[in-house]
1. Of A:PHE62, A:VAL80, A:SER223, which is farthest towards the positive pole of chain A's charge dipole, taken about the Cα centre with +1 and -1 on the beta-carbons of Lys, Arg and Asp, Glu respectively?
2. Mind grabbing the interface size between A and B? I mean buried accessible area, both sides, 1.4 Å probe, in Å² to the nearest hundred.
3. Multiplying the sequence separation of A:GLU233 and A:THR158 by 0.36 nm and subtracting their Cα-Cα distance, what value in nm do you get?
4. Where the accessible area of region B:211-277 is counted over protein heavy atoms with a 1.4 Å probe, how much of it, in %, is carbon and sulfur?
5. For region B:70-131 and region A:11-78, write down the distance between their C-alpha centroids in whole Å.
6. Considering the zone a paramagnetic label at A:ALA240 would reach in this model (a point 7 Å from Cα along the Cα-to-Cβ line), which residues of region A:115-132 have amide N under 18 Å from it?
7. Compactness ratio of the protein assembly as shown: Cα Rg over 2.2 N^0.38 Å, N = residue count?
8. When chain B is modelled as a GNM with alpha-carbon springs shorter than 10 Å, which of B:ALA39, B:ALA187, B:ALA82 fluctuates the most?
2 protein chains.
Amino acid sequence: MQPEAARSDPALPALAGEAVAQRRALDRLFRDAALRDGAVEREFPPLLEIAALERADYFRSFPQHASLIAPLERAVLPEVAAHGARGARALASADLATPRHLMTPAACYALYPALADRALAVPCSVTLVSDCCRHEADYDAGVRQWCFRMRETVHFGTAESVRACLATWTQRILAWGAAAGLQCSIAPATDSFFDPQDPRRLLQRLEPNKHEVLWDGRIALASLNFHRTFFGERYGIRDADGRPVFSGCVAFGLDRWLLACRSRCGERLRDWPAVLRGGSDA
Amino acid sequence: MQPEAARSDPALPALAGEAVAQRRALDRLFRDAALRDGAVEREFPPLLEIAALERADYFRSFPQHASLIAPLERAVLPEVAAHGARGARALASADLATPRHLMTPAACYALYPALADRALAVPCSVTLVSDCCRHEADYDAGVRQWCFRMRETVHFGTAESVRACLATWTQRILAWGAAAGLQCSIAPATDSFFDPQDPRRLLQRLEPNKHEVLWDGRIALASLNFHRTFFGERYGIRDADGRPVFSGCVAFGLDRWLLACRSRCGERLRDWPAVLRGGSDA
């Protein structure tokens, strides 16, 4: 066996060989476009405080996706050290300390708490990448994973500057999809960061705040989200006049882009169109 | 406020601006050296099965470090959806499903289960990077974080090929440290992947299997680990003759390298010595 031979767990698949460099090249493509626009880079650990995410009412909307993290209770440490975590001593939820963190379900959720309750110099953009987790009933490697990598660029400004930013990204994504030979289309999406009880859900149906770029009409490679002042209000992110900022984000599912581009452009990075490989090495 | 202004949680610190590109440049430096040696790239999600890590008796050795991951119990989902996770409905460990995963405590722990119970074409090397988690009583941003990023290169072969590989890496690390103007020294370390009850702990004192590269005599920037046949035996990774392979690894703490290099070479990547920046952009 060669060391690149992969064990396959569709929930938590591993990459090997060229695929690692290809996912890195795609991430660089999306990051460099944001940096050329003047975006600032940030990077957060994938662990997020429950209390920080609760300001966006995440647990009311998607409790089934949450992947909670906790250390062992101090009291059980001697027993686990003596017997390990196998067989009769298999760990149970009662062995855990109270969970105060979860794996972030999207890259941008780490950003709003970091900017909370202050005035922000707008317009501005931030680009960031993270491993993200959404627990699901079924998984499909490359398409629907428990853990997946997401690149996001978030823009803060006015309603007009957010709309203009999302329009620019829409055109870019369609151009990249075309360069890769992918059949891409834009569709409004109903998946939302709003609580299902929230009256803004109705507003969303009238003026959609989320669009997806679909590959072959089925798989969302990217989403474009107009948040209005949702995060500005929930996290107290204000402009110089004290008003909640408008925001929007573009999110790239890097594992899906990898699957799509490998299927169309091949398994060797050097065979990919130059526009996808970028100017620098992977 | 500019969007790069950082909230500070020493357990889970965020990077902003140039620091993100600098950590990426350091990772590329260590990765490219491995690739030039012929190493294969792999990349795993940071979630690891408890059962897979138990083959290395991790929970007997370091139960206090474990960061367990579990979704919510299905039965509590309606209540959490109705009330969120705040106030009276704050999540408790009893709300969690049985934990079957944890955040990997080192990048290489994901590799051995993926290669388990098969014959491996040796000698060979694998390089991989991961966010890792070790729960601690106290944290110090950049030095001792709950979540940190680790680049590792693992070599599988004979006792001689492992020793030769680790010797090459030792010289490289000292050269990189010198290029950055860092005071680096090599010291044997007692921290071990062996269970404290394991008689190999004694053997380790006689012929140390772990050395660290210390910055200013205090902070381990890298570790060089000679596993003997520990992982070969525990995971059933065999050579063509059916014998457990020898292995060793070199591990880089990227957040510590970032702290050290920024302190000596400055906060702008373009001011860093060319050898640290590599030939390509970050």
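1. Of the listed residues, the answer is A:SER223.
2. What A and B bury together is about 6800 Å².
3. Between A:GLU233 and A:THR158, full extension yields 25.6 nm more.
4. C and S fraction of accessible area: 45 percent.
5. Result: 13 Å between the Cα centres.
6. A:118-125
7. Relative to the 2.2 N^0.38 Å estimate, the protein assembly as shown comes out at 0.96.
8. The residue that fluctuates most here is B:ALA82.
The values are calculated or read from the model by the stated rules, or taken from the named source; none is laboratory data. Please read these numbers as outputs of a predicted model, since none were measured by experiment. Backbone-built Cβ (ideal geometry, glycine too); neighbour counts: all protein chains shown. Note: areas computed on protein heavy atoms with side chains; ligands, DNA, RNA excluded. Shrake-Rupley method; radii C 1.70, N 1.55, O 1.52, S 1.80 Å.
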